[in-house]
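The structure appears right after this line, and notes come after that.
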Amino acid sequence: MMNDWLEDIKVGDWVIVQGGGPMSRGKDTARTVKRLTKTQIVLNGTDTKFKKRNGSSVGSSTYYHSYLRESTPETLKKVKREQMHRNLVYKLSTVKWQDMSLEVLSDIYEAVEGGA
């Protein structure tokens, strides 16, 4: 069966959370298992709980639905890199560039132009 891996899941295991609302489609995240109950999986870093029997989110709707995928070394590495990229893009979008000195801005510009 497709979700057999969920039967052996343990606290501390990495999983991939896939899906979500319209703004998070295609934006998988890597999380570790925080706690297990008889019927649910609770992850670190999110309030969403998942059903042990099939990995789908508890209380999901057609508008917002996410589910768990098994984590392999390859998918974990890929998803963590994508998460880091999204986080850096966000953090850089919130920088108050106007408060930086010309020298700092010039250095950043040179680094960006050199790495592009």
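The values are calculated or read from the model by the stated rules, or taken from the named source; none is laboratory data. Just so you know, these numbers come straight off a predicted model, no measurement behind them. So basically every Cβ, Gly included, is an ideal-geometry build from the backbone, and we count neighbours across all protein chains shown.
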Item to check | Qualifying residues in region 28-57 (those that are at pLDDT below 90 and loosely packed, with under 14 Cβ neighbours inside 10 Å) - the one farthest from the chain's Cα centre (by Cα) | outcome: ASP47
Next on the checklist: For region 60-88, give me each residue that is over 15 Å from ILE16 (Cβ atoms) and surrounded by fewer than 10 Cβ atoms within 10 Å (Cβ to Cβ).
Outcome noted: SER61, THR62, TYR63
Checklist entry - So is ARG25 in a strand (DSSP E or B) and modelled with pLDDT under 95 or not? => result no
